[in-house]
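Notes for the one structure printed next.
The values are calculated or read from the model by the stated rules, or taken from the named source; none is laboratory data. Quantities reported herein were computed from a predicted structural model and do not represent experimental measurements. Ideal geometry is used to build each Cβ from the backbone, glycine not excepted, and the neighbour counts take in all protein chains shown. Note: areas computed on protein heavy atoms with side chains; ligands, DNA, RNA excluded. Shrake-Rupley method; radii C 1.70, N 1.55, O 1.52, S 1.80 Å.
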Amino acid sequence: MSTLTTNYLAPSGREEAWRFTPLNRLAGILDAATTMVPQNSFTASNLPTGVTLENLAMAPLSSTTDEATLRVRAAQGEALVLTIAANTELSEPLILSRIPQIAERAASRLVIKIGTHAHARVILENQGKAILAEDIEYDLADGSQLTVVSLQEWESDSVYLARHHALVSKDATFISTIVSVGGSLVRILPTVEYRGPGASAELNGLYFATDGQHLEHRIHVDHNVGHAKSRVNYKGALAGDKARTVWIGDVYIRAAAEGTDTYELNRNLLLTDGARADSVPNLEIETGEIVGAGHASTTGRFDDEQLFYLESRGIPAEEARRLVIRGFFAEIASKIGSESIQERIMERIDRDLAKVGA
Amino acid sequence: MSTLEIKNLQVAVATDEGFKEILKGVDLTIKSGETHAIMGPNGSGKSTLAYSIAGHPKYTITGGSVTLDGADVLAMSVDERAKAGLFLAMQYPVEVPGVSVSNFLRTAVTAIRGEAPKVRTWVGEVKEAMAELSMDPAFAERSVNEGFSGGEKKRHEILQMELLKPKIAILDETDSGLDVDALRIVSEGVNRVKSTNDLGIMLITHYTRILRYIKPDFVHVFSAGRIVEAGGPELADKLEANGYAEYATV
């Protein structure tokens, strides 16, 4: 721990990984002079058979250069570990929620371990106010299937920096849906590495930034083994002055990763002037022996023809815009897998839209 | 009994070279129960007439008036025009990804009728209207116009007309891209709405083919942004025989 602290160098903002992030809004999380408070703040009620949740002293499962994660690891030696036993099949989602009061500059670690051939869906609910850095690791054993929905519904002055890292073993399937709508500054690194052939990762995202919000998602998929698959699909919309989103999609196909199948997509809708979306897909390929690799990125505005079509059927302009936005997000929102949460998110977006008059 | 009255309508569109005048003074009156065929060569301004009446933002009205039962249509927003009783069946219906047909129809009907339809009767009403247009019920769960064939899009337009019950409908090249079976089904739909609702119809078409199924009371020949000849159904027969050559612009 002390080594990490001694060697730690706070980013200056000129680094590739931080060049889009307003470092002056991180409430000192990256500042070596500040103290991080170790606090694993997730709780769950009514754990079903085959599932345990406990704080354990344990080393991280993966390595990283991300400064925020390094700060977490230096401060927090214990991880909250959710274990889903092998062959467990959960019919209902496991919901992990935050305790109401999170410490200032909290450092949290969560590990979700799912055993061989187990199937589970986990919903991570983030509400309330937080200045929080978090290290999440998903450890998928052979043939398992883990679906994780991470909801950022933070209060408006919150800061959340996190790495959500998945280790996907042979024939395992990881499905992640990250929804970011709340918080002043949210920066998440959804990252994936593979441990065997037949492994598959689906990374979905939905974000909506309004006045002054900075929502950043930096995907990194490391195709380090052969015959693994990845699909990335992030959709975002922005409305209001200084609404800001950043989407980075780094996919590496290493020389050993023959038979890789990958595709990543990011779509952004700029709904008002004064908003800015950055979208940077990046594909590096070291072998030509692959099934497929591609990416697409688009940033556009409301489609006037869609709005005219709806309005010409009597639908008022404001409602037409709401329908188009809901339609734009529908594909990702349906992945949340809970109609009530989906509606809660969409209603929040409706309200934010109405507020900025988009 | 409703009347759509178009008087000396002049419309321009913004282009890279400035405003271009497309409609150069159109006069036309359509009453409930009447079918007016507007026929003319491509580029004569027929679609501009349709979209201007519906309020598409691309077109600028530079002169004239459009009234529905005396109310100033041109002063209305797009949705108000629909609520007033106008309907435009589009030549190229727009895809709206992620919005299901059933959600779209219910939202539109709620807006037009001023209240949400009763769930119990609504489901049956949609099912019946879809069956009459030989549409698969699975359609209701698909995204609006997304991945629809040309024929499916046109049936979907007529389905909306059937449910929204307008006073005056403008059918913009509804026959284009339809095979004979689809043309018959769509035409029967139009005739059904007309007979139940005493609908007034502006039927815009390039070809006389659809007039075998939807009988016009009046035929107007459109050329270079205005109506250049008007007559009864016999005028369509003349166009069938001679084409538009004699109306060609110089």
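Some notes on this structure:
- Residue match in region A:194-210 (condition: in contact (Cβ under 8 Å) with a residue 60 or more places away in the chain, farther than 19 Å from A:N282 by Cα, surrounded by fewer than 21 Cβ atoms within 10 Å (Cβ to Cβ) and among the β-branched types (V, I, T)): no
- Of all residues in region A:301-336, exactly one satisfies the criterion of being open to solvent by 50 Å² or more (accessible area, probe 1.4 Å), more than 10 Å from chain B (Cβ to nearest Cβ) and under 30 Å from A:A120 (Cβ atoms), namely A:K335.
- Any hit, region B:14-24, residues being part of a loop (DSSP other than H, G, I, E, B), within 14 Å of chain A (Cβ to nearest Cβ) and more than 30 Å from B:Y213 (Cβ to Cβ): no
- Taking every residue in region B:82-109 that is at the interface with another protein chain (Cβ under 7 Å from one of its Cβ atoms) and closer than 14 Å to B:E162 by Cα and pairing it with any residue that is open to solvent by 10 Å² or more (accessible area, probe 1.4 Å) and charged (D, E, K, R), at least 6 positions away or on another chain, the pairs with Cβ-Cβ distances below 9 Å are B:A82/A:E311; B:L88/B:R81.
- Residue match in region A:90-97 (condition: closer than 25 Å to A:Y194 by Cα and assigned to a loop (DSSP other than H, G, I, E, B)): yes
- Scope region B:194-217; condition part of a helix (DSSP H, G or I) and surrounded by fewer than 22 Cβ atoms within 10 Å (Cβ to Cβ); matching residues: B:K194, B:S195, B:T196, B:N197, B:R209, B:R212
- Condition met for B:L159 (in contact with a Leu (Cβ under 6 Å, 6 or more places away or on another chain) and buried (at least 18 other Cβ atoms within 10 Å of the Cβ)): yes
- Where B:S32 falls short, out of the listed (1) within 18 Å of B:L164 (Cα to Cα); (2) within 13 Å of chain A (Cβ to nearest Cβ); (3) polar (S, T, N, Q): (2)
Matching residues to (1) open to solvent by less than 50 Å² (accessible area, probe 1.4 Å); (2) in contact with a Phe, Trp or Tyr (Cβ under 6 Å, 6 or more places away or on another chain); (3) modelled with pLDDT under 95:
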| residue | (1), (2), (3) |
| --- | --- |
| B:T3 | yes, no, no |
| B:A14 | no, no, yes |
| B:K20 | no, no, yes |
| B:S52 | yes, yes, no |
| B:G55 | yes, no, no |
| B:V66 | yes, no, no |
| B:A71 | yes, no, no |
| B:L74 | yes, no, no |
| B:E80 | no, no, no |
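- The number of residues in region B:35-53 being more than 19 Å from A:P316 (Cα to Cα) and either within 14 Å of another protein chain (Cβ to nearest Cβ) or under 15 Å from the mean Cα position of the chain (by Cα) (or both) comes to 11.
- Looking only at region A:103-113, and only at residues there that are touching a residue at least 40 places away in the same chain (Cβ under 8 Å) and on the phi < 0 side of the Ramachandran plot, the one that is surrounded by the fewest Cβ atoms within 10 Å (Cβ to Cβ): A:E104
- Scanning region A:74-102 for residues that are surrounded by 14 or more Cβ atoms within 10 Å (Cβ to Cβ) and more than 23 Å from A:R163 (Cβ to Cβ) gives A:A85, A:A86, A:T88, A:L90.
- Each residue in region A:55-69 was checked for being among the aliphatic types (A, V, I, L, M), more than 18 Å from the chain's Cα centre (by Cα) and farther than 17 Å from A:R195 by Cα, and 4 of them qualify.
- Filter result (within 20 Å of A:A166 (Cβ to Cβ) and open to solvent by 20 Å² or more (accessible area, probe 1.4 Å)) within region A:234-253: A:D250, A:Y252
- Where a residue in region A:47-69 is closer than 13 Å to A:I112 by Cβ and its partner, wherever it lies, is open to solvent by 50 Å² or more (accessible area, probe 1.4 Å) and not in a strand (DSSP E or B), with Cβ under 7 Å and at least six apart: A:L53/A:L47
- Of all the residues in region B:54-81, those that are at positive phi and within 12 Å of chain A (Cβ to nearest Cβ) number 1.
- Taking (1) within 14 Å of another protein chain (Cβ to nearest Cβ); (2) open to solvent by 30 Å² or more (accessible area, probe 1.4 Å); (3) farther than 19 Å from A:V246 by Cα in turn, A:T298 satisfies each apart from (3).
- Elements of type helices (runs of 4 or more DSSP H) contained in region B:87-178, each with 2 or more residues being within 25 Å of B:M202 (Cβ to Cβ) and among the acidic types (D, E): B:150-164
- Top-ranked residue in region A:21-54 [being within 20 Å of the chain's Cα centre (by Cα) and outside any loop (DSSP other than H, G, I, E, B); ranked as farthest from A:H220 (Cα to Cα)]: A:T43
- Number of positions in region B:30-50 that are assigned to a helix (DSSP H, G or I) and open to solvent by 40 Å² or more (accessible area, probe 1.4 Å): 0
- The listed residue being without any contact (Cβ under 8 Å) to a residue 40 or more places away in the chain and polar (S, T, N, Q), out of B:T29, B:T60, B:T35: B:T29
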